[in-house]
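Peer 1: So that we are looking at the same thing, I have put the structure below in structure tokens.
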């Protein structure tokens, strides 16, 4: 679910500070609030310094005297305008004559498909949301931005779900994006398997066995050592499903992620005949594991080695169960495969 708002006149609030860089807030401060890998200092620092995607971040921070109590990450993004849509035509005309910009303010963490306002005290959430809303309105007015948005409000985000519409935001569906999560409720991988349908359980055991029998070895590796290879394999996957895709995560992105989030990275690689034929990259923070990307060498892969299923699902799920992870997040696509596996 997303929420959109046409910005009215806003009031500047002295309690709220606006920063352009995560370094202005500080690593310890942001990480003290973060319980999600895509809302940590390392993730934001990587996004600010990488070159693949143009990022224009804003961070709204609220302080109680000198102590930080809230951070809301925002992103100034260009709007994707529909050629035949009446509203899009109005926006183009208004932009042409200087009434407003063709940009929006989006409150989320880029690439995560999740909203999250980082708070120290949920009980004061409504008051903090008041301050944030007024500051967002003021920024919109100052920069002639007509829309602010919370694009990915889930049912778990109680503060936003229960209050965001009080500030003029309207709920709308984004049917083209479906994200997935798996709550870890089992003490062993075998318990997880037993929670699934008999046919799915049988298929998983077969896919794990076939992966091994086809000579595929799955092991952990260091992202800094394999940034070029990981970028190449991820590119293969993007082009397979979208031949016109032209924005690939380059080796610099993965090197920066390794530098800024080193202890939070979990890289799994699949090797066959000593060659790396696939990877699964996750980030771990607190009780959350986020599988942020996979990639493969399709020339080396076979239909019977099942490296995708083992890298993307079985090994991360087993690791999560054994390391007190409570939830795994996945990206969109492959809906049936993910639903079948819980």
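What follows draws every value from the coordinates through simple rules; no lab data is involved. These figures come from a predicted structure and were not determined experimentally. Here the Cβ positions follow ideal geometry from the backbone for every residue, glycine too, while neighbour counts run over all protein chains shown.
Peer 1: Starting from the Kirkwood radius over alpha-carbon pairs of region 121-182, derive D by Stokes-Einstein at 37 °C in a medium of 0.692 mPa s and give it in µm² s⁻¹.
Peer 2: 246
Peer 1: Fewest first, what order do 198, 309 take by the number of other Cβ atoms within 10 Å?
Peer 2: Details: 198 8, 309 18.
Going from least to most buried by this count: 198, 309.
Peer 1: Let's test the formula: R0 of 41 Å, r as the Cβ-Cβ distance of residue 155 and residue 252. What FRET efficiency results, to the nearest 0.05?
Peer 2: Given R0 = 41 Å and the Cβ-Cβ separation, E is 0.70.
Peer 1: Given points 7 Å out from each Cα along the Cα-Cβ axis, report the residue 206 to residue 65 separation in nanometres with one decimal.
Peer 2: 6.6
Peer 1: Quickly estimate the mean residue ellipticity at 222 nm for the chain, helices only: each DSSP H run with n ≥ 4 gives -39500 (n - 2.57), and the total goes over all residues, rounded to 500.
Peer 2: Mean residue ellipticity, 222 nm, calculated: -10000 deg cm²/dmol.
Peer 1: From Cα coordinates alone, what are the radius of gyration and Dmax values for region 140-273 in angstrom?
Peer 2: Every Cα atom of region 140-273 included, Rg and Dmax give 21.2, 62 Å.
Peer 1: Which three extents, in whole angstrom, do the alpha-carbon atoms of the chain cover along their principal axes, largest first?
Peer 2: That works out to 65, 44, 38 Å along the principal axes.
Peer 1: Here's a follow-up. Count the DSSP beta bridges whose two residues both fall in the chain, then state the antiparallel fraction as a percent rounded to the nearest 5. Kindly include the intermediate steps, with their values, before the conclusion.
Peer 2: Numbers: 51 of 57 bridges.
The antiparallel proportion sits near 90 percent.
Peer 1: In whole Å, largest first, what are the principal axis extents of the Cα atoms in region 180-340?
Peer 2: 41, 36, 30
Peer 1: Cβ neighbours within 10 Å, averaged per peptide: list 126-133, 201-208 in order, most packed at the top. Each step should come with its number before you reach the end.
Peer 2: On the way: 126-133: 17.8, 201-208: 15.8.
By packing density, highest mean first, the sequence is 126-133, 201-208.
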